[in-house]
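The values are calculated or read from the model by the stated rules, or taken from the named source; none is laboratory data. Everything numeric in this text was worked out from a predicted model, so none of it was measured. A quick note on method: Cβ atoms are made from the backbone with ideal geometry, for glycine too, and the neighbour counts reach across all protein chains shown.
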Amino acid sequence: MSVLVENVSKSFITKNDRINTLNNINVEFHKGEFVCILGPSGCGKSTLLNIIAGLETATTGRVVCNGKEVKGAGPDRVVMFQEPALFPWLKVIDNVEFGMKLAGIPKEERRAKATKYLQMVHLTRFQNCYIHELSGGMRQRVALARALTLDSEILLMDEPFAALDSQTKNILQLELQQIWLETKKNIIFVTHNVEEAVLLADRVIVMSANPGAIKKEFHIQLARPRQPENIDLAYLAADIMKELKEEVEKVAKAEFDTNWTSKKDIVLSDSDSNMGTGI
Amino acid sequence: MFYLILIAIWELAYRVGVDWLRIWKPYIFPSPIAVFTTLWSLIVDGTMSIAVLASAKRILVGYLLSIIIGIVVGLAIVRFKYLDENLSPLILGLQTLPSICWLPFSILWYGLNESAIIFVITVGSTFAVSIAIESGMKNINPLFARAAKTMGARGFSLYWNVIIPASLPSIISGLKQGWSFAWRALMAGEMISATKGLGQVLMVGRDLADISQVMAIMIVIVVLGVAVDKLVFGKIELNIRQRWGLDKA
């Protein structure tokens with residue numbers, strides 16, 4: 001099972017302008033692979049994910065998932081959003097069971113499975129709570145458990161940890177890594193955080209902005225499970241950061257007033273001062 | 001306690017205005033004692049229970065009908081864009097039309113009987129219910145629908161499992177509004193064309209120049225309205241607010 005993105009472009013037509021969000025994207029995601037899509041804000045990375053999910057349609061090009069063209073959203077490509085998108089009228093356990101209920105899985109079976117995945121995210125104690133009783137990190141765990149229950153081979157994640165505080169984020173990243181090692185799903189993970197991308201991914205796709213296109217790919221061949229303190233990660237992150245820096249400045253120039261000039265190193269400090277990086 | 005003070009002020013106003021200054025006549029401004037005596041005698045001689053039962057029967061039938069029709073119309077508007085564009089303004093317009101305006105039609109169609117009043121009640125609250133359903137469903141968090149779609153919900157199951165529960169808080173407040181419209185329509189209808197019911201007892205009070213009876217019925221109407229609101233809608237609303245965590249302000 002693989003996902004193939006072929007010549008996908010997306011443009012919005014506004015009153016007097018035509019905005020190219022995505023320009024001719026070609027990329028393949030392989031079975032069991034953990035890919036991070038990295039880019040500055042506004043480069044269309046979430047749009048690309050939504051097109052793969054089937055929540056938005058591409059202007060041209062197509063997405064082929066497991067030999068079949070994507071026509072709409074479906075449970076074979078579950079999405080985890082930046083906000084947990086849990087249903088406040090259901091208890092935690094019922095939220096986790098939601099997708100299985102739609103699929104028509106019998107009550108006992110889905111209860112057992114929901115409990116199993118809640119165990120995986122360490123939240124069995126809270127199964128009878130309502131969503132508002134949970135913290136932000138716990139909600140995102142429930143959302144993860146809910147996404148896992150559908151046994152889709154593809155899991156799409158749209159900056160799922162971006163709204164969390166950094167400690168919670170670190171814990172969840174490591175847990176996600178563990179879960180990925182156990183389940184071997186094909187995870188396509190959108191982020192703007194370089195460290196996160198390097199920690200999690202087998203492959204990091206850096207996107208450029210205006211129009212959104214794939215700029216460069218990095219293969220991260222480091223042993224797992226990885227720890228965020230690992231020095232090799234920092235080297236790789238610095239490498240990717242260089243690539244990204246240019247794009248971030250480009251976006252800043254487009255978004256800010258015209259008198260904004262990119263003074264050297266104002267956006268992201270260059271790691272060259274470390275002496276030795278990239279030699 | 002607050003209400004005791006209110007009644008005391010009322011009694012005081014009666015004493016000053018009617019007994020001392022004699023600027024008002026007792027038949028245009030009742031004293032609380034007279035009102036409560038009348039109320040008691042209405043309860044004792046059974047008039048009240050007959051009236052309340054008759055009114056309750058009408059409003060239940062009319063309100064249930066309006067909920068059913070309102071839900072169907074509301075869903076249809078949400079589902080079909082063509083209806084939304086063309087029917088919504090009309091419904092909004094009809095909503096502003098006091099339902100008692102339908103009474104002449106209603107009497108022509110059904111005659112002077114129960115059906116005429118029930119029709120007026122139904123017309124009175126249907127539009128409020130359908131508008132509430134429409135706006136409730138249109139204003140749900142789009143993220144809920146997106147998340148549900150990626151989990152395989154579509155068509156009927158999307159509505160049943162996500163859109164309806166997500167819009168329940170606003171639907172409930174719409175039903176509540178519908179209830180108060182129904183209640184007003186009922187009173188208006190009964191005052192004009194009924195042979196029993198609270199509105200009719202009120203009109204009898206008017207015809208006999210018994211202002212205490214008018215006032216007593218008005219109090220009963222208000223108390224019943226508050227009771228239904230607190231006991232039925234209040235409980236449902238509280239339940240939803242607690243589940244959703246809307247009480248944590």
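Which ones in region A:97-112 are in contact (Cβ under 8 Å) with a residue 12 or more places away in the chain and either in contact with a helix residue (DSSP H, G or I) (Cβ under 6 Å, 6 or more places away or on another chain) or within 14 Å of chain B (Cβ to nearest Cβ) (or both)?
A:Glu97, A:Phe98, A:Gly99, A:Met100, A:Leu102, A:Ala103, A:Arg110
Would you check which residues across region A:127-181 are under 14 Å from A:Tyr117 (Cβ atoms) and among the small types (Gly, Ala, Ser) and list them?
Of everything in region A:127-181, those that are under 14 Å from A:Tyr117 (Cβ atoms) and among the small types (Gly, Ala, Ser) turn out to be A:Ala143, A:Ala145, A:Ala147, A:Ser152.
Just one of the numbered conditions (1) within 14 Å of chain B (Cβ to nearest Cβ); (2) surrounded by 15 or more Cβ atoms within 10 Å (Cβ to Cβ); (3) among the polar types (S, T, N, Q); (4) out of contact with any Lys or Arg (no Cβ under 7 Å at 6 or more places or on another chain) is not true of A:Thr57; which one?
(2)
Checking B:Val162 against (1) over 24 Å from the mean Cα position of the chain (by Cα); (2) assigned to a helix (DSSP H, G or I); (3) modelled with pLDDT under 85, which test does it fail?
That leaves (3) as the condition not met.
Give the residues of region A:23-74 that are among the small types (Gly, Ala, Ser) and not in a loop (DSSP other than H, G, I, E, B), sorted by residue number. Please lay out each step first, then the result.
So the first thing to find is which residues in region A:23-74 are among the small types (Gly, Ala, Ser), and the list is A:32, A:39, A:41-42, A:44, A:46, A:53-54, A:58, A:61, A:67, A:72-74.
Selection gives A:Ser46, A:Ala53, A:Gly61.
Just a yes or no: is a residue in region B:185-206 in contact with a Pro (Cβ under 6 Å, 6 or more places away or on another chain) and touching a residue at least 24 places away in the same chain (Cβ under 8 Å)?
No - not one qualifying residue is present in region B:185-206.
Just to check your reading of the model, which residue among B:Ser173, B:Ser167 is away from every other protein chain (no Cβ under 14 Å), part of a helix (DSSP H, G or I), farther than 26 Å from B:Ile28 by Cβ and under 27 Å from the mean Cα position of the chain (by Cα)?
The conditions single out B:Ser173.
Find all pairs meeting these conditions: Cβ atoms under 6 angstrom apart; at least six residues apart or on different chains; first residue within region B:22-42 and in contact (Cβ under 8 Å) with a residue 24 or more places away in the chain; second residue surrounded by 15 or more Cβ atoms within 10 Å (Cβ to Cβ) and polar (S, T, N, Q).
Close Cβ pairs (under 6 Å, with a partner that is surrounded by 15 or more Cβ atoms within 10 Å (Cβ to Cβ) and polar (S, T, N, Q)) amount to B:Pro30/B:Ser212; B:Ala34/B:Ser212; B:Val35/B:Ser212; B:Thr38/B:Ser212; B:Thr38/B:Gln213.
Return the residues of region A:127-142 that are away from chain B (no Cβ under 14 Å) and assigned to a helix (DSSP H, G or I); say none if nothing qualifies.
A:Gly137, A:Arg141
If the requirement is being of a type in the set (Asp, Glu) and within 14 Å of chain B (Cβ to nearest Cβ), which of these qualifies: A:Asp158, A:Asp165?
Every option except A:Asp158 fails the conditions.
Please go through region A:49-107 and pick out each residue that is of a type in the set (Lys, Arg) and over 30 Å from A:Ile13 (Cβ atoms).
Here is the first cut: in region A:49-107, the residues of a type in the set (Lys, Arg) are A:62, A:68, A:71, A:77, A:91, A:101, A:107.
Scanning region A:49-107 gives A:Lys91, A:Lys101, A:Lys107.
Within region A:72-91, can you find the residues that are touching a Ser or Thr at 6+ places or on another chain (Cβ under 9 Å) and either among the basic types (Lys, Arg) or away from chain B (no Cβ under 13 Å) (or both)?
Passing the criteria: only A:Arg77.
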